[in-house]
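Here's the structure, in structure tokens; my notes come after.
What follows is calculated from the coordinates using simple rules that are stated; it is not laboratory data. Predicted model, so just to flag it, every value in this text is computed and none were measured. Every residue, glycine as well, gets a Cβ built from its backbone with ideal geometry; the counts of neighbours run over all protein chains shown.
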Amino acid sequence: MAYQISDECISCGACEAECPVSAISEGDGKYVIDADTCISCGACAGVCPVGAPSEQ
Ligand code: SF4
Ligand code: SF4
């Protein structure tokens, strides 16, 4: 299953640089993950200061 970013996201951008497959981009009010690209590595969850990304 792909990871998703919750509304807790503060748009710091840290996760975008960590994603090995460039699945993360800035969305409207928060960052978003392309579920078809995400390989569920968990790197975004590891770097996020507010714990916004989680596996769905
Ligand atoms: Fe990218 Fe990995 Fe996060 Fe998926 S789980 S969005 S592949 S960093
Ligand atoms: Fe949002 Fe967390 Fe990514 Fe920062 S690291 S943009 S708070 S999901």
_Among the residues in the range 26-47, are any surrounded by 15 or more Cβ atoms within 10 Å (Cβ to Cβ) and in contact (Cβ under 8 Å) with a residue 40 or more places away in the chain?_
yes
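To keep it simple, each residue is scored yes or no on (1) out of contact with any Cys (no Cβ under 8 Å at 6 or more places or on another chain); (2) not in a loop (DSSP other than H, G, I, E, B).
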| residue | (1), (2) |
| --- | --- |
| 11 | yes, no |
| 17 | yes, yes |
| 28 | yes, no |
| 35 | yes, no |
| 39 | yes, no |
| 46 | yes, yes |
| 49 | no, no |
*Total residues in the range 21-56, condition more than 10 Å from ligand 2 (Cβ to nearest atom), more than 17 Å from residue 1 (Cβ to Cβ) and not small (Gly, Ala, Ser)*: 1
